[in-house]
């Protein structure tokens, strides 16, 4: 059903009539730093500013929704990597649980210029961004955005970009990371770790609408949630990957083996 809904939303976004209502999300591109060696990767960010009460989605949207997508229009010789997703929030609406963003978010993307590009020379970067934005209802939206990229881009933009880049998990720091299925639940055990939340990369690993349980015992935390369709069907051993978001501190990668 979710795949059918995503197809319908994508079609609707591509065929939205002229003069459509004002967007619930305002999109723009910001620079994350264009200095450095000739030909070195360059960071940019898709900034999404949500109307109060509305949200968009992480790479695993949870019970409903679809991730934000970007189609790039780049100068000759340039290529783009994928979105490096900041850690999301858990969003509960009635019986449905989703993983996504409210307020303001910046989605970092690494661009790869040709070897001869001089960062002092401005280039025009363009993109078509599309997303599903939801409150009590969900609406597909899209916008064309652009940026004149050079070493002189706004310092304020770079500072905002770096704040969100810190929300992108970069390390795995657990000495123990295990997962088991027990009485219809996925039970994830991490150490050293304190209170926090786990966001799985795999869709339908757990039931997002069922609030997870977290227990802290010394330096070990146990997180559990009701198994979803994929969680029930995968064969062991299997990789359980995702993001751990502590109540204090930076998000980190999780990689555990389901036994």
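Okay, here's what the table says:
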{"quantity": "Selected residue [surrounded by fewer than 18 Cβ atoms within 10 Å (Cβ to Cβ) and either under 19 Å from residue 251 (Cβ atoms) or not assigned by TED's automatic domain parsing to the domain that holds residue 98 (or both)] from 200, 208, 192, 212", "calculated": "192"}
{"quantity": "Filter result (free of Cβ contacts under 8 Å to residues at least 40 places away in the same chain, in a loop (DSSP other than H, G, I, E, B) and either farther than 14 Å from residue 192 by Cα or not assigned by TED's automatic domain parsing to the domain that holds residue 199 (or both)) within region 219-259", "calculated": "228, 234, 235, 236, 237"}
{"quantity": "Hits in region 242-259 (condition: in contact with a strand residue (DSSP E or B) (Cβ under 9 Å, 6 or more places away or on another chain) and surrounded by 14 or more Cβ atoms within 10 Å (Cβ to Cβ))", "calculated": "242, 243, 244, 245, 246, 251, 252, 253, 254, 256, 258"}
{"quantity": "Test: residue in region 59-79 that is over 21 Å from residue 245 (Cβ atoms), without any contact (Cβ under 8 Å) to a residue 40 or more places away in the chain and assigned by TED's automatic domain parsing to the domain that holds residue 23", "calculated": "yes"}
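The values are calculated or read from the model by the stated rules, or taken from the named source; none is laboratory data. Please read all numbers here as calculations on a predicted model, not as lab measurements. Positions of Cβ are backbone-derived with ideal geometry, glycine not excepted, and every protein chain shown enters the neighbour counts.
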